[in-house]
Amino acid sequence: MFTSPAYAQAAGAPTGGEAALIQFLPLIFIFVIFYFLMIRPQQRRLKAHRAMIDAVKKGDTVVTGGGLIGRVTRVQDTEVEIELAPNTRVRVVKGTLSEVRPSGAPAAANDSTK
């Protein structure tokens, strides 16, 4: 059909290192987006949680990962003793604490224990 073969012209096409950079640019852009939207906030949250756990002291109200709520009676290096009810104390690992409520925190509006 065609009498002469058609050849692609390479006048404006990037060559060598430029082509590799252009191919990796979208991947680099996606990684930057993931870093700012997912990795960095997770690291901040983890750092704040670790600081909260390290700052737990006697008298604070804590919530464990299992949902138990109690008052801290003793703090050790890796463990905390919690009083769940009068004369009911349990020892938990600090890493399992999900929330620490300081002892001076105001009570909830619907709290009728007073």
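The values are calculated or read from the model by the stated rules, or taken from the named source; none is laboratory data. Computed from a predicted structure; not experimentally measured. In this analysis, Cβ positions are derived from the backbone assuming ideal geometry, glycine residues included, and neighbour counts consider all displayed protein chains. These area figures cover heavy atoms from the full protein model, side chains too; ligands, DNA and RNA do not enter into them. Shrake-Rupley method; radii C 1.70, N 1.55, O 1.52, S 1.80 Å.
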Residues of segment 36-80 satisfying the condition of being of a type in the set (A, V, I, L, M) and surrounded by 12 or more Cβ atoms within 10 Å (Cβ to Cβ): M52, I53, V56, V62, V63, L68, I69, V72, V75, V80
Residues being open to solvent by less than 90 Å² (accessible area, probe 1.4 Å) and closer than 30 Å to G95 by Cβ - total across segment 14-35: 1
Residue within segment 92-101 that is touching an Asp or Glu at 6+ places or on another chain (Cβ under 7 Å), at pLDDT below 90, open to solvent by 60 Å² or more (accessible area, probe 1.4 Å) and at negative phi present: yes
Total residues in segment 15-65, condition farther than 30 Å from E83 by Cβ and touching a helix residue (DSSP H, G or I) at 6+ places or on another chain (Cβ under 6 Å): 0
Strands (runs of 3 or more DSSP E) (entirely within segment 51-105) containing at least 1 residues that are charged (D, E, K, R): 69-75, 79-85, 88-93, 97-101
Every pair of residues 6+ apart whose Cβ atoms lie under 9 Å, when the first sits in segment 38-51 and is closer than 17 Å to K94 by Cβ while the second is hydrophobic (A, V, I, L, M, F, W, C) and surrounded by fewer than 10 Cβ atoms within 10 Å (Cβ to Cβ): none
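Would you mind finding the one in G66, G12, G16 that is closer than 30 Å to R101 by Cα, modelled with pLDDT under 95 and of a type in the set (G, A, S)? Steps first, answer last, please.
Values: G12 fails: closer than 30 Å to R101 by Cα; G16 fails: closer than 30 Å to R101 by Cα.
It is G66.
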